[in-house]
Each structure stands twice: as structure tokens, then as C-alpha cells.
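The structure appears below as C-alpha cells.
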Amino acid sequence: MKSDFYKYQAQTTPHPLAMEISHARGSYIYDVKKNAYLDFVAGVSACPLGHSHPKIINTIKEQLDKYMHVMVYGEYIQKPAVELTKLLAKNLPKPLEKTYLTNSGTEAIEGALKLAKRATGRSEIIAANKAYHGNTMGSMSVMGFEERKQAFRPLLPDVKFIEFNIESDLNKITDKTACVILETIQGGAGFIEPQNNYLKKVRERCNEVGALLILDEIQPGIGRTGKLFGFENYNCIPDILVTGKALGGGMPIGAFTASTNLMDLLMDIPKLGHITTFGGHPVIAASALATLKEITESELIPETLKKEQLFRKLLVHPLIKEVRGKGLMLAIMTDSAEITNQLILKSQDKGLILFWLLFEEKAIRITPPLTISKEEIIKGCAIIIDVLNEIHQT
């Protein structure tokens, strides 16, 4: 199958890991050679309940027996989507109450940007340097990393960039600004948290000039930071909230949520302001509903902070310069890209899955399932320390 993989499936990098997967259960992924790999990545934060969680699997099977796709988004009343959006509203602060379901996080970003322009009548968008919001044209336009964009220009006009956590840049937000879009925690840049009430100050500046604040929770959302949504840690409520990844429980999804007054603008002038065929797909919405119920009705969210402390206690080594992030959204920082590459690749050889971050070459992603056990954390961290010892000795 490997030769067919390279021949027929378009690749994203010259050197994919190319592990041939057999099956996955809980915190483990298995290859066709029957090797087991402890998963510290969770599909890049997309599998919060681990792999093949029985509640998700059973819910999907039940929905498959009823119906799959029946109509484009928003025309028919389909119970999984209605119950999912209702549960989101129940768990969000006012005025975040109405949700548009999409196929992916980047599509949700596109919808959020369109909504901000429609609501304000303005065109200027403010984003952060080293931000990542997806890879479609609008999302790429607000990506703060020129190396990844230059081959695809021209992109959206009237996009300006500020430095995350630099308060003096907030004066760039003016009465010409339609929206400010930020990740609640910068992901690709190295899991950088907002400092000194930064998000609250951005919120206040947006209020002053009539701009909308979009927070991208595609990575930190759905319980990963010790709160259901990352912004709850930072004294800031956005006008538009974007979620994805973990919300689907391993199925592809995105969503953007705002007040009823804002979201209703997409219905008219023009009609069909944002449309999708498969957004709100009943099977995916059912999976997301089961995921959200399990996370909100269990102790998984508060347990993420206890698990974070265990990781921090165990991940102490001369080659580890810092552990960034919050909850189970953590990044090991080393002195060099070479050490990072060795750690990721050698750990896989020893049965532990780690991964890179998009822009910060010295970072190693640790975003395991929220369901990971204490014993699994200890086992995985022991592999990391073992590998670092090998690197340190060479």
C-alpha cells in the first residue's frame, strides 16, 4: 500500500511519516505490523476521547441506520444538528447563542470573516503574526507567516498584522477595522498564551472602535485547557467564536457561533450569505453531540489540569528548555530543530507518537486524548526522557 500511497494520494510534504495504519483504540494506534503506538497527538487535537470511543461509535451507527445526508445545510430540521447547536449554546456565555456548522475549521474561519464584513460594512481585517487559521484562501490571508503564503498571492486585500501580546500594537485597530481575528492560544507559533489580560484589552479596543473580535478555538476548544473553551481562562468573550477539530470527536467538523442578531445577517441581503452542502451532516453532528455530552458531563475537563501537572513534573531534562501551553495543549521546547526532529522520530521508533508545530521548529506537540490515563502519561514521558538521554549522550 505504501507505493500506492505515494503514487495516487497527493502529499503535503516531501517526507510524510507514512505509518501504515491497521486500527486505533483508546490512546493507541496500531500499524499493520501489529506495533502499538501510544498517541500523544490525538490526530492534532481532533480526538479528545481517544480512538474508537464506544459512545461515539454507537452514536454514529445509530444515526447511520436512520439517515445520512438528505439536504443542503439549513433547509431541513435534523435532530443531531439541532441538539448539537442547542448544547453549544447552553455551554456558552451570552450572547454566543446561534451556531453555523461547517465541514472544517478553515471553512468556519471563512464564514466568520464574511460575517464580520457583512455586519460592519468594513473591509479591514487585523490578524496576528505567526497565526494559523487554516489553508483556504481567506484563512491563508490571515495567516501570519509569509513563507507559507507567497506562492499563492494575491490573497485577500486589506489585511494587517499585529504582534500577539504586544499592547502597543492595539492602536492599529481603528474605526476602519471590520474584525480582529486571533487564536486564543497561538498554536503554530509554539502554544503561546495571552499575557497580562491581553485578550481583554483587545476586546476593549474592539468595543471602542466598533470592530468585531473573532477568537479561533479550533485547537484550544472543547475541554483541552481546563475549560470547555480556552477564552474562559482569559476574561474575554468574543463576538464570533470558531471551533472545529475536537468538536467532531474524530469526524470532520467546524463551527462558528455568534449572537442571533449577527448570525441572522447571513440569511438575507444577500440570501444564502454562507452556504454548504455537507455542513451539519447528521452523522458528524451525532458524533459531535456525543463528544460534547461526554466532555461536559464527565470529569475530563478538570482532570486536564491535573494531567498537565503530571506532564510538567515528568518532563524535566537538560534538553527541555520549557514546557509551554495549558491543560493538555502542551509544547516541549528544545534548543534546536535538530533535537526536536530527533525526539519525534526516535520516539516513534520506541512506540510513542509526537508531532511538530507549524512554525516553531524547536517545539514538540503534546496534545493527547483528554481520556489518557496517568499510567499512559508516565509511560510516554519515560520514552521522551529515554530518547533525550540518548540524544544528550551523542
Check your understanding: Magnitude of the Cβ-charge dipole of segment 246-394, K/R +1 and D/E -1, about the Cα centre, nearest 20 debye?
Key -> 180
Practice item. Counting only C-alpha contacts under 8 Å and six or more residues apart, can you give the relative contact order of the chain as a whole percent? Key: 22
Point to revise | Alpha-carbon Debye profile of segment 84-127, log10 I(q)/I(0) at 0.27, 0.30, 0.32 Å⁻¹ | key: -1.01, -1.04, -1.06
Review point. Mean residue ellipticity at 222 nm from the helices of the chain, using -39,500 (n - 2.57) per DSSP H segment of n ≥ 4 over the full residue count, to the nearest 500 deg cm²/dmol?
Key: -10500 deg cm²/dmol
Exercise for review: Name the residues whose placed amide hydrogens come within less than 5 Å of the amide hydrogen of residue 97, ignoring near sequence neighbours (fewer than 5 apart) on the same chain.
Suggested key: 258, 259, 260
Revision key, fill the gap. Ranked output for segments 72-78, 40-46 by mean other Cβ atoms within 10 Å, highest leading, reads 40-46, 72-78
**Study point:** Highest-first arrangement of 86-93, 160-167, where packing means the average Cβ count within 10 Å
**Key:** 160-167, 86-93
Study note, to complete from the structure: Taking only the alpha carbons of segment 198-244, the radius of gyration and the largest Cα-Cα distance, Dmax, both in angstrom, are 10.8, 32
Check your understanding: Using a Förster distance of 41 Å, how high is the FRET efficiency between residue 176 and residue 67, based on the Cβ-Cβ distance and rounded to 0.05?
Key -> 0.30
**Study point:** Label-point separation, residue 382 to residue 335 (7 Å along Cα→Cβ), nm
**Key:** 2.8
Point to revise | Sorted peptide list for 98-106, 210-218, criterion being average Cβ within 10 angstrom, highest first | key: 210-218, 98-106
Review point. In sequence order, what are the phi-derived ³J(HN,Hα) couplings for segment 142-151 according to the Karplus relation 6.51 cos²θ - 1.76 cosθ + 1.60 with θ = phi - 60°, rounded to whole Hz, with x for glycine and proline?
Key: 9, 7, x, 8, 4, 4, 7, 10, 4, 6
Point to revise | Angle in degrees between helix 337-349 and the longest Cα principal axis of the chain, rounded to the nearest 10 | key: 70
Review point. When the Karplus curve 6.51 cos²θ - 1.76 cosθ + 1.60 is applied with θ = phi - 60°, which whole-Hz ³J(HN,Hα) does each residue of segment 205-222 get, with x for Gly and Pro?
Key: 5, 4, 4, 4, 9, x, 8, 8, 10, 9, 10, 8, 10, 4, 8, x, x, 6
Study note, to complete from the structure: The ³J(HN,Hα) series, computed from each phi in segment 261-268 with the Karplus coefficients 6.51, -1.76 and 1.60 at θ = phi - 60°, rounded to the nearest Hz and given as x for glycine or proline, is 4, 5, 5, 5, 5, 7, 7, 8
Revision key, fill the gap. Residues whose modelled amide H sits under 5 Å from the amide H of residue 212, counting only those 5 or more places away in sequence or on another chain, are 179, 180
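Exceeding 24 Å between C-alpha atoms, which entries from my cross-link table qualify? They are 114/271; 90/160; 321/346; 98/293; 7/350; 130/160.
Over 24 Å Cα-Cα: 90/160; 7/350.
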Point to revise | Area projected by the alpha carbon convex hull of segment 56-297, averaged over all directions, nm² | key: 12.7
Point to revise | Alpha-carbon centroid distance for the pair segment 197-270 / segment 318-394, whole angstrom | key: 29
Check your understanding: Which whole-angstrom value gives the distance between the alpha carbon centres of segment 66-119 and segment 289-309?
Key -> 23
Review point. Once the Cβ-Cβ distance between residue 349 and residue 374 is put in as r, and R0 is 25 Å, what FRET efficiency do you end up with, to the nearest 0.05?
Key: 0.55
**Study point:** Angle between the chain longest axis and helix 105-120 axis [Cα atoms, degrees, rounded to 10]
**Key:** 20
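Only Lys, Arg, Asp and Glu count, each charged at its Cβ (+1, +1, -1, -1), so figure out the dipole size of the chain about its Cα centre, rounded to 20 debye.
Using only the charged Cβ atoms, the result is roughly 300 debye.
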Practice item. Measure nothing but the geometry: give the 0 to 90° angle between the long axis through the Cα atoms of 374-393 and the longest principal axis through the Cα atoms of the chain, rounded to 10°. Key: 70
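Read the figures in this text as sums done on the coordinates, not as results from a lab. Note that the structure is a prediction, hence the values are computed from the model and not measured. A quick note on method: Cβ atoms are made from the backbone with ideal geometry, for glycine too, and the neighbour counts reach across all protein chains shown.
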